[in-house]
1. Can you find even one residue in region 160-173 that is β-branched (Val, Ile, Thr) and surrounded by fewer than 21 Cβ atoms within 10 Å (Cβ to Cβ)?
2. Scan 98, 135, 131, 82 and give me the residue that is within 30 Å of residue 277 (Cα to Cα) and surrounded by 21 or more Cβ atoms within 10 Å (Cβ to Cβ).
3. Does region 288-296 include one or more residues that are at pLDDT below 90, of a type in the set (S, T, N, Q), part of a helix (DSSP H, G or I) and closer than 25 Å to residue 169 by Cα?
4. Which count do you get for residues in region 463-476 that are more than 18 Å from residue 525 (Cα to Cα) and surrounded by fewer than 18 Cβ atoms within 10 Å (Cβ to Cβ)?
5. Do you know which of the residues in region 28-68 that are β-branched (Val, Ile, Thr) and at pLDDT 65 or above is surrounded by the fewest Cβ atoms within 10 Å (Cβ to Cβ)?
6. Return the only residue of 155, 168, 120 being of a type in the set (Val, Ile, Thr) and not in a helix (DSSP H, G or I).
7. Which one of these does residue 432 not meet: (1) among the aliphatic types (A, V, I, L, M); (2) modelled with pLDDT under 85; (3) surrounded by fewer than 19 Cβ atoms within 10 Å (Cβ to Cβ)?
8. Condition test on residue 487, is it within 23 Å of residue 387 (Cβ to Cβ), out of contact with any helix residue (DSSP H, G or I) (no Cβ under 6 Å at 6 or more places or on another chain) and either modelled with pLDDT of 90 or more or surrounded by fewer than 13 Cβ atoms within 10 Å (Cβ to Cβ) (or both)?
Amino acid sequence: MPSFVRGLVERLPLQFRVLYRQFLLRVVDLEALSVHADIPALLGQFAGVLILISVFRAVGLLVPTGRPRITPAEIMTMAWSAEHSFLSMTMLVAGLMAVVSWDNIFPDRRDVMILGTLPVRPRTILLAKSAACGAVLSIGLLSLNLAMSVTVSLVAGGIPGFPRNFSVYWLATIGAAVFVYGAVLAVQGWTALLLPRKWFLRISAVLQLAAFAFFLAGFFLEPGMGTPAAIAAAASRGLLNRWPSFWFLAMLNQATGHLPAALDPLARRAWIGLGVVLCAAGVSLLLCYLRTMKKTVEEPDLLPGGRGWKWSLPLGNPLRSAIVRFSFRSLARSRQHRVVYAFFLSLAFAIAVSTLKDILASGARRPLTTDFLMPTLVMMCLAVVGLRSIFSLPVSLNANWVLQVTQLHAPDRYIAATRRALLVMAALPVWVVAALLSLGFRPWPQVAAHLVVLALVASILADLSLIGVSKIPFACSYLPGKSNIQYMFWAFAVVFLPIAMEFSNYEIRAIRHPGSFAVMLAILAAIALSISTFNRRHSRSAVLYYEELEPEVITTLGLASGPIRAKIEM
């Protein structure tokens, strides 16, 4: 850190600096995804993915603009397309970060119980939390836009216009990110102020999941415009008023002096919307710290269930039903688990909405193609892998003794119940959504054949994810840092997506010929049966465990030699 920066930091109040460091490590409440529970390492992985995306897109913009016969109009079109693309991605990243850090900027029970007894002012807590959230948001913005901001500024204005274009690009980018982040904070804050806390706690989970789905669906459904003339024509008809990314694209080009007159209303919407969001978020945060801190302590976070007759759908024998219901209620009451699973489900939901958009746009029954087969396979994989990834995260280790003392059955029955929970909570909802989407395709025999294939793929994915698992969902401690975001991202993009594409191409050919389809079905059924049989045999000798411990490693100096060393190794 430079000396002048260190000097500025040291001038800040000590309370603010201490709280800022603590809140910075709590902004992302996903310890299971970090490396050895190291939140800075998680942020570094996240930044690495965004930097790679930015560099690849920047190189993709520079290559065509270097052609000798390219016209200024073509250069401007590519610059506008790149600016809009990265504004959309910036708003998506800001929205997802706001949802991932849900409630972290607002006072919680821990802050009130610990910091409330100390001579720390609420405004100091608010400023420290705001600074921590702003630091994480800045990491995302810099990682995603640094390479593209330099490239677009050079392409659009050359070296003479680089300083102006660069500063304007960052003005629009920061404005777009603050608009989205502030909108989420405003919705949370005013909901907490206007509703009783027990209602807010119930609605907050729904709002969080809805925000995930809203941002992803908006990103995938956003219309793409090829040229500035097409954007101006759509704006004149009022088609872009509902898409904030076009507002900030107009703001950016208004400041550079390249904005057509038809886009002036969009630029005004950007300035007005940013001002309204900043005022609404700021007022709601101040009122929450002044009015809701007492309610945070006085009212419980978990409320007793209502009395009266209750009926629940049987999900197998009593043990399987109990495990499935325990898993569902654990997921519903835990914010940490909802955040992780909401990310996977929102991706699947966005794919489903995009597919539905194509169905509605066609207006008629469409023939079955890989454009439908591959998205449903990706949706199934996201749902199953997402739920499996949070099964190892406990809700409360203090409650594990209840499951340990009531283990009256063989371990294989508990493992079978875990498989049932995975199929009911992840595979079945996606299969139902795929079945509803398939109503827009013909012919019916091919559609039914794909649904059968999708069911077998769900069974295979569920069994693959449970190989070697000897635990009850949400009832085992975990060792943070087993996964790596960069590896997961590139494994999904480089390995799974090409496999899904090749399988979809093979499936579309097979379902058109009964003989080939029968062979494919037999192969999938054999794979599903083999993996299921392997898991059942393993579960018969398995021992359920509730504590995941690191393996003991004995470190030696390696000084012994000859017979002494052989005896030690024995």
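1. No, every residue in region 160-173 fails to be β-branched (Val, Ile, Thr) and surrounded by fewer than 21 Cβ atoms within 10 Å (Cβ to Cβ).
2. None of the others qualify; the one that does is 98.
3. The answer is no, given that none of the residues of region 288-296 is at pLDDT below 90, of a type in the set (S, T, N, Q), part of a helix (DSSP H, G or I) and closer than 25 Å to residue 169 by Cα.
4. 1
5. Filtering first and then ranking leaves 63.
6. Going through 155, 168, 120 in turn, the sole match is 120.
7. Evaluating residue 432 over (1) among the aliphatic types (A, V, I, L, M); (2) modelled with pLDDT under 85; (3) surrounded by fewer than 19 Cβ atoms within 10 Å (Cβ to Cβ) leaves (2) as the failure.
8. Here the answer is yes, as residue 487 does meet what is asked.
The values are calculated or read from the model by the stated rules, or taken from the named source; none is laboratory data. What you see is a predicted model; the values in this text were computed from it and never measured. Virtual Cβ from ideal backbone geometry, glycine too; neighbours counted across all protein chains shown.
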